[in-house]
Amino acid sequence: MIPVRQFVPDAVAEIIRKAPLSPEKVAFAWQSVVGPAISQATSVNWGDDGVLRVKTKDAAWQREVERSASLIRSRLDSLLGERVVRYIEVKSV
């Protein structure tokens, strides 16, 4: 028997990967991988060029996102597929 807590994240990831690629899908994936604190402190815009443009509330949040960019990208890859987000560009408002 597979524990539910192990199965659900994999099932959700599979459903997300199969959905058509859109800016809304990328924004949902962003919220899912960064969690509520970073999600509330940022807004994202994704274009067909593969660049995820992240605007943060201030310079402190910008540093946090930049520091975590590698981990965030790997998590986005697992939800969206390899190299959908090729680069994360971070700026504070």
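Each residue in region 18-77 was checked for being among the acidic types (Asp, Glu) and farther than 18 Å from Val93 by Cβ, and 4 of them qualify. Residue pairs whose Cβ atoms lie under 7 Å apart, separated by 6 or more positions or on different chains, with the first residue in region 68-84 and touching a residue at least 12 places away in the same chain (Cβ under 8 Å) and the second polar (S, T, N, Q), are Leu79/Ser32. For region 47-93, a residue qualifies if it is of a type in the set (Ser, Thr, Tyr) and within 24 Å of Lys18 (Cα to Cα), and the qualifying residues are Ser70, Ser74, Ser78, Tyr87. Take the conditions of a type outside the set (Gly, Ala, Ser), outside any helix (DSSP H, G or I) and surrounded by 11 or more Cβ atoms within 10 Å (Cβ to Cβ) and apply them to Glu82. Does it pass? It is false that Glu82 is of a type outside the set (Gly, Ala, Ser), outside any helix (DSSP H, G or I) and surrounded by 11 or more Cβ atoms within 10 Å (Cβ to Cβ).
The set of residues from region 43-72 being surrounded by 13 or more Cβ atoms within 10 Å (Cβ to Cβ), touching a helix residue (DSSP H, G or I) at 6+ places or on another chain (Cβ under 9 Å) and closer than 16 Å to Lys25 by Cα comprises Ser43, Val44, Asn45, Trp46, Leu52, Val54, Ile72.
Where a number appears in this text, it was derived from the coordinates with a stated rule and is not lab data. What you are looking at is a predicted structure, and each value in this text was computed from that prediction instead of being measured. Glycine also receives a Cβ, built like all others from the backbone with ideal geometry; neighbour counts cover every protein chain displayed.
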